[in-house]
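One structure is given below, encoded as structure tokens.
The values are calculated or read from the model by the stated rules, or taken from the named source; none is laboratory data. The structure displayed is predicted, hence computed values, not measured ones. Glycine also receives a Cβ, built like all others from the backbone with ideal geometry; neighbour counts cover every protein chain displayed. With ligands, DNA and RNA removed, areas are computed over all heavy atoms of the protein, side chains included. Shrake-Rupley method; radii C 1.70, N 1.55, O 1.52, S 1.80 Å.
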Amino acid sequence: MSTKFKFTKKRKDPKNPQSETQWHASPIITNRLTTRSVCKVVTRNTTTAPTEAESTFNLVCDGIVHELQQGNSVQLGELGWLRLSFSSEGVDNLEDFNAASMIKNVKIVFTPSKTLMADIKNGLEFENVGVVDEGFTFPSTKAYLDYKQTGQLPVQGGTGTTPGTGEGEDDGDHQLG
């Protein structure tokens, strides 16, 4: 089994719309698994019922909220650590700072454990499943390079339009092939 990715263009300087672009690999998310689905998978060869695992998981989540609000970081076994992070507006005078209105972008930061990262990386393989450019998803690097050379889009089951025709164009991502 391999992790799938597509090539997409990204600006070298995201803040500058005139900056050059480079090709980057972007991961493809195949499925979004619910907590219930994960609990069924992890309990399949145990005597623990999936609903028991899910209830325990939900209790842990409830506890995490309280602990993060108290300023604690929380370890989740061999998964890693959670902690709160935020940014704020700046002030010249400390007495002018208002936490309620000036603290912004509160988020949770997850730091995976070294064990988890090692387990994930062990045997990890990657598979290129296309190129995204000009509002289209080409099914392979070869299909994209052929298009750039000939100007012809792949025909089989294609969607979208030929760039520049104006017919049927939208801002969506179209799958070709």
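Only residues that are closer than 24 Å to Cys61 by Cα and open to solvent by 100 Å² or more (accessible area, probe 1.4 Å) were counted across the range 76-92, and they come to 4. Checking each residue in the range 33-69 for being in a loop (DSSP other than H, G, I, E, B) and not charged (D, E, K, R) picks out Leu33, Thr34, Asn45, Thr46, Thr47, Thr48, Ala49.
Search the range 107-129 for residues that are at pLDDT 95 or above and of a type in the set (A, V, I, L, M, F, W, C) and pair each with any residue that is assigned to a strand (DSSP E or B) and open to solvent by 100 Å² or more (accessible area, probe 1.4 Å) when their beta-carbon atoms are under 7 Å apart and the residues are at least 6 apart or on different chains. Qualifying pairs under 7 Å: Val109/Arg83. Contact map, the range 1-19: residues that are in contact (Cβ under 8 Å) with a residue 24 or more places away in the chain paired with residues that are outside any strand (DSSP E or B) and open to solvent by 60 Å² or more (accessible area, probe 1.4 Å), Cβ distance under 6 Å, separation 6+ or inter-chain. Pairs shown: Ser2/Glu125.
Selection within the range 29-51: residues that are free of Cβ contacts under 8 Å to residues at least 12 places away in the same chain and open to solvent by 100 Å² or more (accessible area, probe 1.4 Å). The member of this set that is nearest to Phe7 (Cα to Cα) is Ile29.
Residues in the range 10-28 that are open to solvent by 90 Å² or more (accessible area, probe 1.4 Å) and in a strand (DSSP E or B) were compared, and the one that is farthest from Asn122 (Cα to Cα) is Arg11. Selection of the range 93-123 for residues being open to solvent by less than 70 Å² (accessible area, probe 1.4 Å) and part of a helix (DSSP H, G or I) yields Ala99, Ser101, Met102, Thr115, Leu116, Met117, Ala118.
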